[in-house]
Every structure is written in structure tokens, then in C-alpha cells.
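Peer 1: Have a look at the structure that comes next, please.
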Amino acid sequence: MGIPHRLKLIVCSFVVLVSPFHVQAQETVNPGTVLPDDSVALENQVRNSKFDTVLPQVMRDNEIDMWIHVMRPWTPDPLNFEFGSDMGIFIFTDRGDDRIERAIFAGYVGDGNAYDIISRPFVELPTFVDGVITEQPGGDETDYLEFRFDGVREFVAERDPERIGVNYAEAFGLSAASERAPLTDGLSHTDYTLLLNALGDKYAKRIVSAEHLILDYLAGRVPEEIELYRQFGLITANNLDREFGKVVPGITSLSDLEGNVFRRNRDGVEFHAQDREPYILQPGDVFTILHGAGNRIFSSDLGGNAYLLREGETEAPPEIQNVWRAALETRQILLDNIVAGRTAGQTLELLIEKIEAAGYHYNPVDQYDSNADLSLTQVHLDVHAVGRSGLVAPRISPLGSDWEREMTIPVLHTFTFEYMIHMPVPAWGPGKHIYIAFHDGAVVTEDGVMFPYPPDPGIRLIR
């Protein structure tokens, strides 16, 4: 009878690091924010904190006096979580105070304390039991259209805003900049027409697209979210340690491991855990795992790299040590040059300049460039937003739409140091190279970039 598989993993596999983790002490940030244990209370706390701090900033940055956001019932909206509802006419008014006035018409919210004014017309929505409508209102209210806008004209006229932002896209293709969660373009044509009719000619002429404001609001962060970012990042780091600890050379396949697991060979051919015949890891391989943790409020991501020692090796070969040094130098360039207040595009241009000045070849695509100077290690960047909404902008990357690079990086912006290293190894032959990828979670503070949880601490050595 052979050794049980679980015991075999313990006997045959252990993990060490190429280099000790030496940046955590000075670069890890812990805001010390106290979070409630109850998830609903936490959601409410995050929402109110954003209303108090992010909302005034983005409305004034975009010169919007009143923001009207229309949510049609049961239709996904990128601001469902932020507003604590999936239906209503939300109106935010800058009345000159530190605090933005918050009102909702024809809507239902879980946290009534988040709004100053909650106005509901006498309309009853269908009752659902196990997904089946059991009760339907009678009369014209069944359509539930223009009734939602009752009282809006008088409300707006009393406040007399000069610029009214409304949730329709004018220049941006929002879906191109989203992951996991939808970024819809805005209200329907029907609702747009109903809103214009409700406002009347005078205020309808003052409507502008709120697309910039919406993106800035989604990109804004508060300390409670940063603390969740830190906590889930630590969980992710433990998850990575667990997955790397499972690896037994010659036995473990990419599909045996949890997360986004992949490797590229010396020719740049990539193998994935999802391949029809998943690759079995062998001594001499370098591979990557990207993992994440989170809930509906916030999430974190982290990447790790490993090298499988060959027989007789007791430490990483020189090429592995060299590629890690290149990775650390690239990480430091990002740390030194990403700041709040600069656009993502300006930041990208600066990073390219610094990367090339450091003796690397900047590669705008994540594939080895065989036409470049083969003596230079190549670096690819996709430093994008991460957190909850699915918004990947502001995006310090050649990927995506131009407007993603035109966005300004805000204070407390949460994003991932996603970058890739393609290092040529001349002894292996022309075009042969080592590939490693990074996905370190980071946050931009007023004092620069900080790591709320440890970044990839070194290439793990597995024997």
C-alpha cells in the first residue's frame, strides 16, 4: 500500500523563497479603521462614509450642482451598492455646505439614515414568492413609469441648479472598462424622455452627462474600504501559500491548484489550468498563481511565482535570481513614480521613461518581442483599479480606452501592480526567455504608494 496522497504532499514538497521579504515594514499601511462585525452595518458605514467624503469632492471637481441618477427597477446598475438600492430617482444637490443633500424619489433603500429626503408615490410593486409574481397593482400604476417622477420638477426648481448631471454616457464606452460587475451606460431612452418632461424646458436645457462624475465616484475610496482591502489581502496571501504548498513536481498539474494558474515555457507558449489536458509541473518550471478574496463590499488580489528545483539544486539558478532582481527594480520604479493627482496616462508615460532609463525594454503587449534588443529584459504594465465595482480605471496601461488613461488618480485609489517580466536567457538560445507575472495590491495615499498587505515576497522554491 502506497503513501496516502495527502501525506505524500507533506513528505515530498516544501516551499522556500529566493529572497526574504524586505519591503513590508516601510511600505505596508494599516489605517486602523474599526469595522463592525455585522455585514449590513458595514455596508451602511461604507456608503455613508463615501457620501460624506467622496461625493462632495467629485461633484465639485466635475462642476455639477445637482446629480440625478435614475435606476429602473430590477435592472443592474453600477451604483446599486453605493446607493443601497436597485430602484429610484436619486438626487444629490450641492447647496454650498460641507455635506451634499441626498434625496430619493420612488425608491426603496435599506438604510434610511443615508438620505435626507425619501419621497415615495403611492405605487405598490409586485410581490414575488420563489421568483413568481403573486400580486400585481391595478390601474395605470402597473406601468410604473411617469409616477416615479412625481414631485421632481418642484424639487429641482426650488434648488435651481446651473448644471445637472444625469446618468447617460456621452463619450465613453463604459463596458470596455469593467470586470466582474457591469458598468451600464445609463438610463433608458424612455426614462430620459420622462425625466426631460418632468424637469420642463428650463431645467432640461441644463442637463449634462454625469459619466465623468460617476467614474470618479466609483474610483473613490474611504478608509473602511482600505481596511477591508488589507484584511482580504492577508487572506489571499495565506491562500497562495496553501496552493504553492500543494505542489509535487512531476505529479501536480496546473488544474490541481486553485486560482488563476499558468506558466509560459522558454518560447513564450502559455499553459493554463483550464487547458483540455492540463500541464503537469516539472523540475525547472517557473509558474504563477493569481488569487483573490473578498465579499460584495470589497475584494483583494495577489499574485505569486514559483520555481521547481531540479535534482541536485539547493538554491535558485542565476537566471531565476536575475529575473527576481528585475522584478524588484520594476516594483520600485512603480512605487517611486505613482502619485495621486496625476492622470493615468501621464503616469504611464513617466513609468515608460523610468523603465527604459533603468536599462529595460518597455513592451506594450504581454508577449516577448523578438525584434527588440535581445540583451534587454522586457517589462509590460497593466496597473489597473481593483476593489468592488468592476471598474478598472484609472488604468496605467496601454490597454483599454483612452479615457481610462485620462482619469486622474485619486487619493486612496486601490489598484494592482500588475506587471510582467520577460527576461532573455542567451545561454538557452535566441528568443528563449523567462516569464513571471505580478499582481500586487496597492493603494495611493497622500504620501505615495503603500502596500496594505505584503506584495509577492519572492520566487518560491519548490523541491
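Peer 1: Return a whole-number percent for the relative contact order of the stretch 244-394, with Cα pairs under 8 Å and 6 or more residues apart as the contact set.
Peer 2: The value is 16 percent.
Peer 1: Mark the label point 7 Å from the Cα of SER370 along Cα→Cβ and return the residues of the stretch 269-293 whose backbone N is within less than 18 Å of it.
Peer 2: From the stretch 269-293, the list is 269-271.
Peer 1: Right, something else. What ranking do THR193, THR445, THR416 get, fewest neighbouring Cβ atoms within 10 angstrom at the top?
Peer 2: Listed from fewest to most nearby Cβ atoms, that is THR193, THR445, THR416.
Peer 1: Here's something else I'd like to know. How high is the relative contact order of the stretch 308-463, in percent, with contacts defined as C-alpha pairs under 8 Å that are six or more residues apart?
Peer 2: 26 percent
Peer 1: Find, among the GluC sites (Glu not before Pro) in the stretch 307-414, those assigned to loop by DSSP (not H, G, I, E, B) with at most 15 other beta-carbon atoms within 10 angstrom.
Peer 2: GLU311, GLU313, GLU315
Peer 1: Please find the FRET efficiency linking LYS432 to THR314, where r is the Cβ-Cβ separation and R0 is fixed at 25 Å, and quote it to the nearest 0.05.
Peer 2: 0.55
Peer 1: If you take every residue apart from ILE434 with its C-beta less than 11 Å away from the C-beta of ILE434, what net charge results, scoring Lys and Arg +1 and Asp and Glu -1?
Peer 2: +2
Peer 1: Still on this structure, I have one more. For TRP74 and HIS272, FRET efficiency with R0 = 45 Å and r from the beta-carbon atoms, rounded to 0.05?
Peer 2: 0.80
Peer 1: Taking the Cβ-Cβ separation of ASP52 and GLU158 as r and a Förster radius of 22 Å, what is the calculated FRET efficiency to the nearest 0.05?
Peer 2: That gives a FRET efficiency of 0.40.
Peer 1: Let me ask another. Please report, in Å, the Rg and the Dmax of the stretch 190-310, where both are computed over Cα atoms only.
Peer 2: 23.6, 76
Bear in mind these aren't lab numbers, they're just calculated from the coordinates by the rules spelled out. These numbers were taken from a predicted model, which means no experiment stands behind them. Methodologically, a virtual Cβ is constructed for each residue, glycine included, from the backbone with ideal geometry; neighbour enumeration extends over all protein chains shown.
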